[in-house]
Amino acid sequence: STQDKNALHLYSVNGKYLGSETLKEEVSDMCVTGEFIVMGSLQGFLSIRDLYSLSLSISPLAMRLPIHCISVTKEYSHILVGLEDGKLIIVGVGKPAEV
């Protein structure tokens, strides 16, 4: 974060620069799972991005409060989101019939 600009940068394991994406929110926590990056912001948005292109996989979900922490279950079936007021939000992943 520099002068009200936030960006996500992608590098290879060997340190080669692969790309970047400018972000509108200030990231408070992130988790890399499989081929996705799950991010929470201080503005209260939960975003899921493709690990290789950094593009949004779905529209950001509004949590209405700043997100303090994110975790993904080991089966990748749910995202656990801790909010500023102490609430834990559980978001199901997948198609509605699977959730």
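The values are calculated or read from the model by the stated rules, or taken from the named source; none is laboratory data. Keep in mind that this is a model prediction, so the values were computed, not measured. Positions of Cβ are backbone-derived with ideal geometry, glycine not excepted, and every protein chain shown enters the neighbour counts. For the accessible areas, the whole protein counts, side chains as well, though only heavy atoms, and no ligand, DNA or RNA atoms are used. Shrake-Rupley method; radii C 1.70, N 1.55, O 1.52, S 1.80 Å.
Over the chain, with every protein chain in place, what whole percent of the accessible area is carbon and sulfur at 1.4 Å, could you tell me? Don't skip to the end; give the middle numbers.
Details: 3630 of 6760 Å².
It is 54 percent, rounded to a whole number.
If you filter the chain for GluC sites (Glu not before Pro), then keep DSSP loop positions with at most 11 other Cβ within 10 Å, what is left? Write down the numbers at each step before the final one.
Values: sites: Glu21, Glu25, Glu26, Glu35, Glu75, Glu84, Glu98; in loops: Glu25, Glu26, Glu35, Glu75, Glu84, Glu98.
Qualifying residues, ordered by number: Glu35, Glu75, Glu98.
What net charge is computed for the residues neighbouring Glu35, neighbours being all others with C-beta under 12 Å from the C-beta of Glu35, Lys and Arg scored +1, Asp and Glu -1? Display every interim value, and only then the final one.
Values: positive: Arg49; negative: Asp50.
Combined, the nearby Lys, Arg, Asp and Glu give 0.
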Restrict the search to the chain; then list the chymotrypsin sites (Phe, Trp or Tyr not before Pro) that DSSP places in a loop and that have at most 14 other Cβ atoms within 10 Å of their Cβ. Tyr52, Tyr76
How large is log10 I(q)/I(0) at q = 0.14 Å⁻¹ when the Debye formula is applied to the Cα atoms of the range 14-61, each weighted equally and without solvent? -0.33
Within 10 Å of each candidate Cβ there may be at most 13 other Cβ atoms; applying that plus a DSSP loop requirement, which trypsin sites (Lys or Arg not before Pro) in the range 38-81 survive? Arg64, Lys74
Would you mind getting the accessible area per residue of the chain, heavy atoms of the protein chains only, 1.4 Å probe, in Å²? 68
Please build a GNM for the chain, connecting alpha carbons under 10 Å apart, and tell me which residue among Leu18, Leu46, Leu65 fluctuates the most. Leu18
Which distance in nm do the two modelled labels at Asp29 and Tyr17 give, with both placed 7 Å along the Cα-to-Cβ direction? 3.1
Given 0.36 nm per residue, what is the gain on full extension from Ile89 to Ser77 after removing their alpha carbon distance, in nm? 2.9 nm
Label selected from (i) -0.55, -0.80; (ii) -0.33, -0.96; (iii) -0.57, -0.94, the criterion being log10 I(q)/I(0) by the Debye sum over Cα atoms at q = 0.11, 0.19 Å⁻¹ as computed here: (ii)
